[in-house]
Amino acid sequence: MEIKSYLRTNKIIHLALVAGVSVFLLLSYLGSGEFNAQMDESNPFLYLVPIVAVAGYFGSQFIFRNQISAIDKTMPLEEKLKRYQSAWIVKYALLEGPAFLAIVAYNTSGNALPLVVAVCLVLYLAVQRPNLQKLLDTLPLTSDEKRKLQHNHNQ
């Protein structure tokens, strides 16, 4: 498997996920025209959004680590890369879901809290951009596999 192509594909997937939720966030904000910071105790979204966001964040970390730890060092490199890609797609989805919920909550309430939560999730998702160094640091690779990936990436 060509590592440059693999990373390019992962970066495109990441960009599409970040762009999709970002565009929805921007359109929601521009279309709403509302922005209030008053806490309406009767609005369940104001309680639900932070809980779901925290669960999404910690759940994404937990599941990602579990999926990575299930990758055996003796597996073929291609299988490791496929599992790594699946693990981070699940991680991103667990961040993107709460961000969409927060945006919907903002649309229904006009309250600033869900909007701020959505922005934080989108920013965190954006900095999770895949790259070779993260892959090398995360995957259980042999020294030969690391050398091979670095060599192919630098060519």
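The values are calculated or read from the model by the stated rules, or taken from the named source; none is laboratory data. This is a predicted model, so every value here is computed, not measured. Here the Cβ is made from the backbone with ideal geometry for all residues, glycine too, and neighbour counts use every protein chain on show. The protein model used for the area step is the full one, side chains on, heavy atoms only, and it has no ligands, DNA or RNA in it. Shrake-Rupley method; radii C 1.70, N 1.55, O 1.52, S 1.80 Å.
Just a few scattered comments:
- Applying the condition of being among the hydrophobic types (A, V, I, L, M, F, W, C), surrounded by 12 or more Cβ atoms within 10 Å (Cβ to Cβ) and modelled with pLDDT of 90 or more to the range 1-18 and asking which residue is nearest to LYS134 (Cα to Cα) yields LEU7.
- Within the range 82-115, the residues that satisfy the criterion of being touching a residue at least 60 places away in the same chain (Cβ under 8 Å), under 9 Å from the mean Cα position of the chain (by Cα) and open to solvent by less than 40 Å² (accessible area, probe 1.4 Å) are TRP88, TYR92, GLU96.
- Residue selected from the range 25-47 under the condition under 21 Å from GLU96 (Cα atoms) and open to solvent by 80 Å² or more (accessible area, probe 1.4 Å), by the criterion nearest to the chain's Cα centre (by Cα): LEU26
- The set of residues in the range 125-155 being in contact (Cβ under 8 Å) with a residue 24 or more places away in the chain, under 30 Å from TYR47 (Cα atoms) and surrounded by fewer than 15 Cβ atoms within 10 Å (Cβ to Cβ) consists of ARG129 alone.
- For SER28: the one exception among (1) in a helix (DSSP H, G or I); (2) closer than 26 Å to ASN154 by Cα: (2)
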